[in-house]
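Have a look at the structure below before the remarks.
Taken together, the values in this text are just the output of simple stated rules run on the coordinates, not laboratory data. If you're wondering where the values come from, they're calculated on a predicted model, not measured in any experiment. In this analysis, Cβ positions are derived from the backbone assuming ideal geometry, glycine residues included, and neighbour counts consider all displayed protein chains.
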Amino acid sequence: MSKSAPAAPDPHTVRLSRAVELSTSLRCFHPELSEDENRALYGRRADQHGHNYRLEVTLRGVPDATTGMVIDLKDLQEVLDREIMARFDHRDLNRDTPYFEKQPPTPENFARVIHRILLAALPSGLLDRLRLYEDADTWVEIVESEDGD
């Protein structure tokens, strides 16, 4: 049986991105490992340190016929302020949040936490991707599947 070609994307679909910057402190530490095992695994990252992250959030949709917008940027900024900035900016990811009690706050895990929060906070199907920059040369990207895979 041949697999049919994926449906062509809607030519009216656009992607809209918004970026925010946040600062956190953290320590890469897995609670099931000893101090020595954590130090061997994470090196200097096992010490308390901080990052100035850049989070880019991209939404995908067809602009509203009346407003011409996928989402009002004010509404998107309110979601980012409430769900991301209030939870994480100028916080210790290990001590001030419940998200890293059982897993280390690696960039990959932090991006996955943000992804779950935004999926719950944004209208269904609107989140296209997010990109979390730990620094100018290192980032994690999570991309939603366009065909539900």
For the chain, share of DSSP beta bridges that run antiparallel, in % to the nearest 5: 95 percent
So how strong a dipole does the range 4-149 carry about its Cα centre when Lys and Arg Cβ are +1 and Asp and Glu Cβ are -1, to the nearest 20 debye? 220 debye
Could you give the nm distance between label points at Thr67 and His49, where each point is 7 Å from its Cα heading toward the beta carbon? 4.1 nm
Going toward the positive end of the dipole of the range 14-143, with +1 on Lys and Arg Cβ and -1 on Asp and Glu Cβ, which of Asn94, Ile142, His49 do you reach last? Ile142
Enter the angle in degrees (range 0 to 90, nearest 10) between the Cα long axis of helix 107-121 and the first principal axis of the Cα atoms of the chain, meaning the one along which they spread out most. 40 degrees
For the chain, max minus min Cα coordinate along each principal axis, in Å, sorted largest first? 56, 47, 27
Scoring only Lys, Arg, Asp and Glu (+1, +1, -1, -1) among other residues with Cβ under 11 Å from the Cβ of Arg95 yields -1
Under a point spin-label approximation (7 Å from Cα along Cα-to-Cβ), what is the Ser124-Glu101 distance to one decimal in nm? 3.0 nm
Where does the chain land at 222 nm, in deg cm²/dmol rounded to the nearest 500, when only DSSP H runs of n ≥ 4 count, each adding -39500 (n - 2.57), divided by all residues? -6000 deg cm²/dmol
